[in-house]
Amino acid sequence: MIPVMVDYASPSVFESTRNSAIVGLAANARRPVRFHGRVVQNLFTLRIALRALGEVIWSDDAWFGDGAILDPVVTVHPDRLFFEAFSQDQSAYGLLIVDPAIFETEGDLRTGTTNVDFTAWLWAALGEMRSSRQTWFRVEAGGFEVRTVGAGGRFEQKVELPDAWVRGFLQLQGAMALPGTRVRCRPVDLLAAIRYLRFTKARVSPRALRYEFEPDRPVCLVLEPWEHPITLRDANHNYTEPRTIRTWGRRRLRLIEPLLPFAESVDIYLKGRALPSFYAVKLAGMTFVLGLTGWSSQKWTETASFDLSTRGGGDDPGQLARAGDWLAARYVAGIDELSAELGITKEAAARLLERLCRQGKAVFDVESRRFRHRELFESPIDEAKLYPPDVRRERMQVLLDQERVHVKSALPRETVKTKKLKTPDGTRTRQVIYRDWQISGSAGDQKAVEIVVNDEGRLLFGTCGCAFFNDNLLNEGPCEHLAALLAASAPLRKDLPTSEAAPETGRPAKPASSDGEGNESS
C-alpha cells in the first residue's frame, strides 16, 4: 500500500450570487499550486467538461477494495491545465485539458501537480455555473472563505492506495503512448452509435464495437450483435488492405455522451483488439479524453495484453535523471527533442520517456503527441515493488524475438444460435455466431502447444508439456509457451461478422417493447 497524504485548508467551494460565482478547488497544502482566473470565454463547455470528469469518478458504485480513491490530480503548466481522474472500478480514466486562454488570469501562477478536493456535492453544484454570471475559477492551497454553516475547516486525510491501483494509474500513461490507429470522426456519428446502444439493449453476446477499415472508403463502425453499421463520414485512413479492430465495454462511452452535441470533432485512438482505446473529444478551448480498458470488467491493473505490448528499457540511471530534469525544466517535449538533447536514438529516448511515465513523473499529451512533466507523488515510488520482474513474460519475449514460435493452424470453432434482438424498428431475428479459435503450434522446446481463445482474445484453455504447466495448469496463468503462441497467433485471429440475418419464417416480427428492460454487461 502507498500512503498518500492530502491536507486541505478547507473544503472546495462553489458560491454563487445573482451576478457572480466562484469555483474554488482546494489544493493539497503539502503540494501547493496556484491558479486564479476569471472565465472570459467558453464557460458552458468548461461546465459540461468538469461535470463529465465528475461522472467518471462518481457515477460507478463498484468501489475497489476498501473504497480507496485518490482525489483528482490537477497539473498547472503555463500553457495548459490538466485534470486527471480514475473511475472507482478502475476501468475508465478521464483527462480534461484546458487552455488557460479561456481565463483572464489574476496574480502569480504557481506551476506543479496536486490533488484537489472534489466531492460528489461539488460535482452536483457545478451544474449551477451560468454564462450570465461572472465566474472566477481558483485552484490554491490556502483555503477559501466558506459561508455555509458547518462546512468545516482544515482537514487532513491519509489515503492508502493499493499498489495495483497505482500501477494501473501509471501504466495507462504508457498505453496512451502506444502506437495504434487514429480515427477522426464527426461527433454526430459517434453520438448516433451511443444513442442506438442506449435505447437498444442487447441481452446476448457478442457486444463489441467493430471498426472496419476498407481501402478508399470511410471507416465503418458496426454494432454487435445487430450488425448495425454506422459510417463515420469523412473518417479517412491509410490502410491498403481490409482490417478490423474490435473493442468491448462500449456502454462506458455514455460518459462522453453529454459532450458530443457541443464537440468540434472526436479523435479515436485504437491500440488493437481488446487493448485500451482513447476518445479525445475536442471542445472550444479544451479537450476531454476518455481512456477505456479492453472491456468494462477489466481493470487497468489487469491489462495483461497491454503489458505484453509495452517496451522495456530506460534503465540507465544517469540518462533517466537527465531526461527527467530536462523535461521538468521544459514542461513539455517530444521524443525527437530528447533524442537530440541527449545524443541518443529516438527509440532510446522513447524508452526513457515511457519509463518516466511508469514512475509517475510524466504524462503523455495525446493532443500534441508529446510528453509533459507531472510529479504524481511526493516521494519516489518503489518500482521493484510495483513492477516485479515477470520471468514468464521475459522468456516469452525471448521466444518471439528469436522467432522460435510457430503457428501450425488457427481455426475458428463456431456455434450459431437464433436470437430475437430488439431494434428501434422492432424485433428482428438473427443468427448469432459464437466463435472461439483453436490454435496449435510450437514454442521453444515445446513442439505440441495448443490453446483455445475466445473472440475477445482471452485464453480459455491450453495444453503444454513444460514443467510449469504440468504443476499449475492455468491456475497461475499461462506458461511462457502458451503466452508466446497466443501473441504469435494474433494476426491470424480475424475479427469476422458475429451475426447474420435469419431465414424468413413468414411470421411478422414483434414490435419492440418500450419498457427499457434488458441490461447489457459488456
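Need pairs with beta-carbon distance below 9 Å; first residue assigned to a strand (DSSP E or B) and within segment 121-139, second acidic (Asp, Glu); sequence gap 6+ or separate chains.
Trp136/Glu106; Arg138/Glu106
Given the structure, is Arg428 under 30 Å from Ser205 (Cβ atoms), touching a residue at least 60 places away in the same chain (Cβ under 8 Å), part of a helix (DSSP H, G or I) and not small (Gly, Ala, Ser)?
Judged against the criteria, Arg428 is not a match.
So, in segment 250-271, of the ones that are in a helix (DSSP H, G or I) and surrounded by fewer than 20 Cβ atoms within 10 Å (Cβ to Cβ), which residue ends up modelled with the lowest pLDDT?
Arg251
Hey, can you tell me all the residues within segment 308-324 that are under 17 Å from Asp336 (Cα atoms) and at pLDDT 85 or above?
Result: Gln319, Leu320, Arg322, Ala323, Gly324.
Quick check: anything in segment 465-475 under 30 Å from Glu227 (Cβ atoms), at pLDDT 80 or above and touching a Leu at 6+ places or on another chain (Cβ under 8 Å)?
For segment 465-475, residues under 30 Å from Glu227 (Cβ atoms), at pLDDT 80 or above and touching a Leu at 6+ places or on another chain (Cβ under 8 Å): absent.
Residue-wise test of (1) within 30 Å of Gly142 (Cβ to Cβ); (2) of a type in the set (Asp, Glu); (3) in contact with a Cys (Cβ under 9 Å, 6 or more places away or on another chain); (4) assigned by TED's automatic domain parsing to the domain that holds Arg31.
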| residue | (1), (2), (3), (4) |
| --- | --- |
| Phe169 | yes, no, no, no |
| Pro187 | no, no, no, no |
| Leu190 | no, no, no, no |
| Arg195 | no, no, no, no |
| Thr200 | no, no, no, no |
| Pro229 | no, no, yes, no |
| His237 | no, no, no, no |
| Thr240 | no, no, no, no |
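Looking at (1) over 28 Å from Val452 (Cα atoms); (2) part of a strand (DSSP E or B); (3) among the small types (Gly, Ala, Ser), which is the only condition Ala384 fails?
(2)
For segment 340-390, which positions are more than 20 Å from the chain's Cα centre (by Cα), at pLDDT 85 or above and of a type in the set (A, V, I, L, M, F, W, C)?
Matches in segment 340-390: Ala340, Leu342, Ile344, Ala348, Ala349, Ala350, Leu352.
Could you list, in sequence order, all residues of segment 356-369 that are at negative phi and surrounded by fewer than 17 Cβ atoms within 10 Å (Cβ to Cβ)?
Glu367, Ser368 - these are the residues of segment 356-369 that are at negative phi and surrounded by fewer than 17 Cβ atoms within 10 Å (Cβ to Cβ).
Where residues in segment 407-425 are within 30 Å of Ala467 (Cα to Cα) and in contact (Cβ under 8 Å) with a residue 60 or more places away in the chain, which of them is surrounded by the most Cβ atoms within 10 Å (Cβ to Cβ)?
Only one residue fits best here, namely Ala410.
Checking Arg243 against (1) among the charged types (D, E, K, R); (2) within 23 Å of Ala177 (Cα to Cα); (3) within 20 Å of the chain's Cα centre (by Cα), which single condition isn't satisfied?
(3) is the only condition that Arg243 fails.
Does Asp108 count as modelled with pLDDT of 90 or more, surrounded by fewer than 20 Cβ atoms within 10 Å (Cβ to Cβ), over 20 Å from the mean Cα position of the chain (by Cα) and not in a strand (DSSP E or B)?
Taking the combined requirement at face value, the residue satisfies it.
Restricting the search to segment 227-249, which residues are out of contact with any Phe, Trp or Tyr (no Cβ under 6 Å at 6 or more places or on another chain), among the hydrophobic types (A, V, I, L, M, F, W, C) and assigned to a loop (DSSP other than H, G, I, E, B)?
Leu232, Ala235
The values are calculated or read from the model by the stated rules, or taken from the named source; none is laboratory data. Given the structure is predicted, the values throughout are model-derived calculations rather than measurements. Methodologically, a virtual Cβ is constructed for each residue, glycine included, from the backbone with ideal geometry; neighbour enumeration extends over all protein chains shown.
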